[in-house]
Every structure is written in structure tokens, then in C-alpha cells.
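Novice: I'd like to ask some things about the structure below.
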Amino acid sequence: MLAGILKENGVIADGINFDKGARTALAFVTLRADGEREFMFYRNPSADMLLTPEELNLELIRSVSDSSNSVAWFVFDFGVDRGGFKGARVFHYGSISLIVEPCRSAHLKAIEAAKEAGALLSYDPNLRLPLWPSPEEAREQILSIWDKAENFHGSVEAFHVNTVDTTGAGDSFVGALLLKIVDDQSILEDEPRLREVLKFANACGAITTTKKGAIPALPTEDEALCLIKGSK
């Protein structure tokens, strides 16, 4: 089902593998009266937790420098995929796969392979404390790979929208940012251009909060540009 949704949204899913003995992890999101979210997870064990370093398709990961216009996502929050990538110039990953072995070792091996291939590394810490043994363990593991990704600091103006649900807003922001820099990473060293890209990413994140859900709330590029134009 999730693989089908990815394909419907134009995501190349050639590298997705399936585990016949484990189920896909699930994340249930509820909204409290004050608008804040609460998460409940179904795992233990899910397919993502069982990924081994040996199952990684390193040839696909190492082909990153030969491919254009693509991003490899190593994010196992939902667990349907078990290691495999279409060549990409950006390698994006989270922290959930650092929680247990053997997925942690697979995660670290994939990062190193992508880095050796010359990919830009993008990291979403995505803290979900209920999944970790302790806050201390979460902090240690999350920070253990902090410096492997590219880092920059800054801020741009916010967009004022009628927020309904913030689920997926961060993913929308990061996805939009990577979309704009995947073909021209020199943007990261050009502050005026980077500010424009961040404004676009901010618009995508803002629009996502105006609808319920995650994938269904993601905006089109035209919708983001319309919001930017209307704010001037």
C-alpha cells in the first residue's frame, strides 16, 4: 500500500524490498484539543528494525554521483522498505533507524557509502522519545551522526496561515529544500539564493499545516509560489 502511494506520487520505488516475515510499522497521530499532536507506534518488530547491512544494495547507493535530479531517502519510520536506492545526489535519513540493531548498523553503513559516493547528506533528527529506551540513549545516538550531514544556520520570514494540523510540515519543508538544491548544491554557499529557496520551503511547510494528514496535505509547486506571491 505505501509503496503504491509512493509510485502514485512520482517516487521511483525500484529499490524497495519487502520482508515476508515482518509487518510494516505504523504511526498513529491524534490531535489534542490544543492542537498539539500525540503519537502512538506499532512496531516490535517491524520490517525496518530487521534491516541488515548485508541487505543494502550498495551498488545503488554508490551510483549517486552518476544520477541527476533524484534524492535517496533512508527513512524507516514506516518500515515497508528494507534497503535499496535509485541513484541520487542527495541522501536523506532520519534517526529512528538508530534505535536498535541490526538496522542501526545498516543505517551507518548506508551513510558511509553515500558519503563516499559524493552525495549531499541530509539529516532529520525526528525525535520520537516513546520509541527509545531512554532520553539519554536518544540524545547519544542522534548526536553520534550529527556532524556527518551538511549544516547551516539561518532564518527567513514566516507565512501566516490558518493551521489545522502540523503533521508533515517538517517533511514538506525539507523535501522542498532538497528539491531546489539537488541539481545545484552551490545554492548552499550563496546566501541570497539560499534565502529564496528557504522561503519556498517555508511556504510548502506552511501550506501543509492547513490540511489534515501528511501526504495528502503536501502542496504543489504552484501552490507554494502562489502563497509567496500573495505575501509580497
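Novice: So if we plug the beta-carbon distance of Glu137 and Phe41 into 1/(1 + (r/R0)^6) with R0 = 25 Å, what FRET efficiency do we get, rounded to 0.05?
Specialist: The formula returns an efficiency of 0.95 here.
Novice: As a test of the formula, what do you get for the chain when each DSSP H run with n ≥ 4 contributes -39,500 (n - 2.57) and the sum is divided by the residue count, at 222 nm and rounded to the nearest 500 deg cm²/dmol?
Specialist: Counting only the DSSP helices, I get -10000 deg cm²/dmol.
Novice: Please give me the summed charge of the neighbours of Leu218: other residues whose Cβ is under 14 Å from its Cβ, Lys and Arg +1, Asp and Glu -1.
Specialist: Overall, the nearby charge balance is -4.
Novice: May I ask you to give the solvent-accessible area per residue for the chain, in square angstrom, as obtained with a 1.4 angstrom probe?
Specialist: I get 56 Å² per residue for the chain.
Novice: Here is a follow-up. Note down the magnitude of the dipole of region 160-231 about its Cα centre, charges +1 on Lys and Arg C-beta and -1 on Asp and Glu C-beta and zero elsewhere, to the nearest 20 debye.
Specialist: Its charge dipole is roughly 320 debye.
Novice: What part of the accessible area of the chain, given as a whole %, is carbon or sulfur when the probe is 1.4 angstrom?
Specialist: 52 percent
Novice: Using a Cα distance threshold of under 19 Å, what count of lysine pairs results for the chain when pairs must be 8 or more residues apart or interchain?
Specialist: Step by step, the pairs that qualify in the chain add up to 10.
Novice: Same structure again: Tally Lys/Arg at +1 and Asp/Glu at -1 over every other residue whose Cβ is under 12 Å from the Cβ of Leu58; what's the total?
Specialist: Every neighbour counted, the sum reads -3.
Novice: Keeping all protein chains in the complex and leaving out DNA, RNA and ligands, what accessible area do you get for Arg89 with a 1.4 Å probe, in Å² to the nearest 10?
Specialist: Answer for Arg89: close to 80 Å² accessible.
The values are calculated or read from the model by the stated rules, or taken from the named source; none is laboratory data. Treat the numbers as computed from the prediction; the structure is a model and nothing was measured. Because the Cβ atoms are built from the backbone with ideal geometry, glycine has one as well, and the counts that use them run over all protein chains shown. Heavy atoms of the whole protein, side chains included, go into the accessibility calculation; ligands, DNA and RNA do not. Shrake-Rupley method; radii C 1.70, N 1.55, O 1.52, S 1.80 Å.
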